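See structure below.
The values are calculated or read from the model by the stated rules, or taken from the named source; none is laboratory data. All values derive from a computational prediction rather than experimental measurement. Here the Cβ is made from the backbone with ideal geometry for all residues, glycine too, and neighbour counts use every protein chain on show. Protein only, heavy atoms only, side chains kept; ligands, DNA and RNA dropped before computing areas. Shrake-Rupley method; radii C 1.70, N 1.55, O 1.52, S 1.80 Å.
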Amino acid sequence: MVAQLVRLKLTLLVNGYRRSVWQTVGVVLGSLYALSLVALVVVGAVALGTTDPGLVAPALVLGGAVLVLGWLVVPVFAYGVDATLDPHRFVTYPIPRRRLLAGLAAGGVVSVPGIATALAVLGVTLAWWRSPLTLVAAAVGAVGALALCVVGSRALTTLLAPLLESRRSREVLTVAAFVPIMLAGPAIGWFSRRLGDGATDADAVRALLTDLADVVGWTPLGAPWGVPAAVQDGDWGAAAGRLAVLLATLALAWWVWDRALARTLETPAEGGAKGARGKGLGWFDRVPATPTGAVAARAATYWLRDPRYSASIAIIPLLPVVLAFAGQTAGEGPGMAVMLILAPLTAWVLGFSVSNDIAYDHTAFALHVATGTTGRTDRWGRALPVLVAGTPLVVVFAVLSAGLSGRWTDLPALLGLSLGTLALSTGVSSAVSAHWLYPVPKPGESPFKQPQGAVGATMVAQGVAGLATFVLSLPAFALALFTILLPSAALGWVTLVVGPAVGAVVLVLGVRWGARAYDRRAPELLQRVLSYA
């Protein structure tokens, strides 16, 4: 049964990659990128084991603990990630639950992240090449770490499934996930700066890492990596104790997964939802009663109520905090100049957020095709909410960044670059979204979910859109850069004219190009979207 499920997983993955040439190319590029990271980690571990064997144990224990923690935490925020072998699909088959668990666990490794993790945890064991006995213990720990990553993540995800079935819970979890992620970088930068302010005692830092690794090695996260460290030190009691912690954690995770899966399969949540009281027509009462207005109202509704959209722009309120923190870390005065990228970056994020709107519609896009919605109506209807909401936000951020950085003379250049980038990025997205689609989470699913076969197509589509936006924004960017570096107030006012003008031209041309592609390929686009189900 395990072999059958693994072959099924491989077949589904290969068939998913065959849907288009671009997906295949993207998967190949993504796989090469993952392999390069694995090679970098393995070579670094072996080099560390050769040049400084004393640091191997702290590095592997702490780094390995972070890896296991990532496998446990990320799937919670990305609920439903890698649902190729959804257990609910096997309910009608008389498969013993323990065999099903074993098959699902083995199938969990058959993916780009799973294979990359397996290669990494097995490869870093070569850091202990000086001691054959330690190398064997490290191999055992690596297998246990891989099993803990897969089984632990599935157990925790399945256990929390009832909680995450609530859309409101998923939305709160989404917002909560972004806060520590966005603030982690500035916090590390601040710590590094404080550490560098005085004389750093390398021996003290080394001792601190060693003591921390000794403690983490006794936790479920670090136990797989602490076993070879204890063997290397000749502490067989500690090695046996850490191995016992690893086996006990695996057994507990397996039992939790078994119980949670039994509850999910035997007493599934009832479909449907409680009836909600009507709240009027919402945005449909606030826009002109035209086809373009109807599309714009529906798009605006999605921005406010669909967590897949809100997750993509959840970083925007945190950008001022992160950039201000980075500026303070770099130092007063010139360091705060990093705030100048706030408004242009926000403009790019807002414009890019509609680069795959049709795929986000999913089956609702059939309404556009069935009613004969023209490409011009569809493209402008999706672009207008971004422009209307984004313009005042970008202006506020430009003023805020100029004030915090003390560069009021650069405000015209910032406004020109930011407003131009907003229009330009929206125009590029309007054109790209009618040509290249890629799988996204379906309505009601977590915005963090990674659909099958989405990595490659996402890289290609986003790469094309990002490159086109960068190239087309070069004139305004160059003018703004010269305005800041020279400095030149006259060039700032020129940027205020050139930036929005270029953006408006690209917006109109992008919408027209996208509209023509939409009118020509609407049934094909619908077929592509439905194939993502």
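Take L525 and decide whether it is open to solvent by less than 80 Å² (accessible area, probe 1.4 Å) and under 30 Å from N15 (Cα atoms).
So L525 passes the test.
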(message) Quick check on segment 474-486: of everything there that is assigned to a helix (DSSP H, G or I) and open to solvent by 60 Å² or more (accessible area, probe 1.4 Å), which residue is farthest from L422 (Cα to Cα)?
(response) L485
(message) If the requirement is being buried (at least 19 other Cβ atoms within 10 Å of the Cβ), modelled with pLDDT of 85 or more and not in a helix (DSSP H, G or I), which of these qualifies: L221, L146?
(response) L221
(request) State which residue is modelled with the highest pLDDT when the search covers only segment 185-218 and only residues that are acidic (D, E) and either open to solvent by 80 Å² or more (accessible area, probe 1.4 Å) or not in a helix (DSSP H, G or I) (or both). (result) D211
(message) Let me spell it out: the conditions are (1) surrounded by 15 or more Cβ atoms within 10 Å (Cβ to Cβ); (2) modelled with pLDDT of 90 or more, and A155 meets all of them except one. Which number is the exception?
(response) (2)
(message) Condition first: open to solvent by 10 Å² or more (accessible area, probe 1.4 Å), among the basic types (K, R) and either touching a Lys or Arg at 6+ places or on another chain (Cβ under 8 Å) or at pLDDT below 90 (or both). Can you find one or more residues in segment 379-400 that meet it?
(response) no
(request) For residues that are of a type outside the set (F, W, Y) and open to solvent by 50 Å² or more (accessible area, probe 1.4 Å), tally how many sit in segment 505-521. (result) 7
(message) Given (1) modelled with pLDDT under 85; (2) in contact with a Leu (Cβ under 8 Å, 6 or more places away or on another chain); (3) open to solvent by less than 30 Å² (accessible area, probe 1.4 Å), identify the lone condition not met by G466.
(response) (2)
(request) Could you grab the pairs with beta carbons closer than 9 Å, sequence gap of 6+ or different chains, first residue in segment 458-469 and more than 13 Å from H435 (Cα to Cα) and in contact (Cβ under 8 Å) with a residue 12 or more places away in the chain, second one in a helix (DSSP H, G or I) and open to solvent by 50 Å² or more (accessible area, probe 1.4 Å)? (result) M459/V25; M459/L29; M459/Y33; G466/W348; T469/W348
(message) Going residue by residue through segment 335-344, is there one that turns out to be of a type outside the set (A, V, I, L, M), more than 22 Å from the chain's Cα centre (by Cα) and either part of a helix (DSSP H, G or I) or modelled with pLDDT of 90 or more (or both)?
(response) yes
(message) Tell me the residue from A434, A423 that is under 22 Å from L491 (Cα atoms), modelled with pLDDT of 85 or more and either in contact with a Cys (Cβ under 7 Å, 6 or more places away or on another chain) or open to solvent by less than 20 Å² (accessible area, probe 1.4 Å) (or both), please.
(response) A423
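For segment 394-414, indicate whether the set of residues that are in contact with a Ser or Thr (Cβ under 7 Å, 6 or more places away or on another chain), outside any helix (DSSP H, G or I) and not hydrophobic (A, V, I, L, M, F, W, C) is non-empty.
no
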(request) For segment 487-498, state whether one or more residues are part of a helix (DSSP H, G or I), farther than 18 Å from W408 by Cα and touching a residue at least 40 places away in the same chain (Cβ under 8 Å). (result) yes
(request) Identify all residues within segment 515-533 that are aliphatic (A, V, I, L, M) and within 20 Å of T292 (Cα to Cα); write none if there are none. (result) A515, A517, A522, L525, L526
